[in-house]
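The values are calculated or read from the model by the stated rules, or taken from the named source; none is laboratory data. Bear in mind the structure is a predicted one, so any value in this text is a computation, not a measurement. Virtual Cβ from ideal backbone geometry, glycine too; neighbours counted across all protein chains shown. Side chains are part of the model used for accessible areas, which takes the heavy atoms of the whole protein and leaves out ligands, DNA and RNA. Shrake-Rupley method; radii C 1.70, N 1.55, O 1.52, S 1.80 Å.
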Amino acid sequence: MKRLILIRHAKAESAELTPTPDRERMLTERGRCDAERLGAWLAEHIPTVDAIVASLARRTLETARYIAAGWSTSAPPIIEEPTLYLPTLEEIRAVVETLSPEWRSVALVGHNPSISD
């Protein structure tokens, strides 16, 4: 059995309230806390994840790093995937199809609405 964990990035700065380019918006304090808690929860319930694949947006990479830290000494590698920045559902499927067949469990950190789709 293979496991794909779909995760929307944690709470980020509001696009309307910051002059920062969209790809550079960072997590808020709440977002950092939520991502850290999610990492701890995942590590408690899922013993290992082979990789975390994340979009290149700062908020998704930050989320991925906090999540990976939940596994502490066995933290999975974070793979930056440009296609996951605001992708279509078909683009997400294409990324999933290219993942290593040896991986049993992968977390994918991206954006809505595509993650919800």
Q.
Residue under question is Glu36, and the condition is that it be in a helix (DSSP H, G or I) and in contact with a Lys or Arg (Cβ under 8 Å, 6 or more places away or on another chain); does it hold?
A. no
Q | Filter result for the condition that a residue is in contact with a His (Cβ under 8 Å, 6 or more places away or on another chain) and among the hydrophobic types (A, V, I, L, M, F, W, C), over Leu42, Leu38, Leu86, Leu61 | A | Leu86
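So for the range 9-19 (the condition being over 18 Å from Leu99 (Cβ atoms), at pLDDT below 95 and among the polar types (S, T, N, Q)), does at least one residue qualify?
The first filter runs over the range 9-19 and keeps only residues over 18 Å from Leu99 (Cβ atoms), leaving 9-19.
Within this subset, residues satisfying the condition of being at pLDDT below 95 are 13-19.
When the remaining residues are screened for being among the polar types (S, T, N, Q), the result is 14, 18.
Yes, the range 9-19 has at least one match.
Please find, within the range 62-107, the residue that is farthest from Ala51 (Cα to Cα) out of those that are among the polar types (S, T, N, Q) and outside any helix (DSSP H, G or I). Walk me through it before giving the result.
Start the filter on the range 62-107 by keeping residues that are among the polar types (S, T, N, Q), which leaves 63, 72-74, 83, 88, 98, 100, 105.
Still in the running and outside any helix (DSSP H, G or I): 88, 98, 100, 105.
Working: Thr88: 21, Thr98: 13, Ser100: 10, Ser105: 7 Å.
Checked the range 62-107; the qualifying residue farthest from Ala51 (Cα to Cα) is Thr88.
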**Q.** Close pairs (7 angstrom Cβ cut-off, 6 or more residues apart or separate chains): of a type outside the set (Asp, Glu) in the range 67-86, loosely packed, with under 15 Cβ neighbours inside 10 Å and in a loop (DSSP other than H, G, I, E, B) anywhere
**A.** Ser74/Thr48; Pro82/Leu56; Tyr85/Leu56
Q.
Return the residues of the range 1-17 that are part of a loop (DSSP other than H, G, I, E, B), touching a helix residue (DSSP H, G or I) at 6+ places or on another chain (Cβ under 9 Å) and open to solvent by less than 80 Å² (accessible area, probe 1.4 Å); say none if nothing qualifies.
A. His9, Ala10, Glu13, Ala15
Q: Can you work out which of the residues in the range 62-117 that are more than 23 Å from Lys11 (Cβ to Cβ) and of a type in the set (D, E, K, R) is least open to solvent (accessible area, probe 1.4 Å)?
A: Glu91
Q: Spot the failing condition for Pro47; the list is (1) within 15 Å of Ile5 (Cα to Cα); (2) surrounded by 14 or more Cβ atoms within 10 Å (Cβ to Cβ), and only one is missed.
A: (2)
Q. What residue, among those in the range 20-31 that are open to solvent by 60 Å² or more (accessible area, probe 1.4 Å) and of a type in the set (D, E, K, R), is nearest to Val96 (Cα to Cα)?
A. Arg23
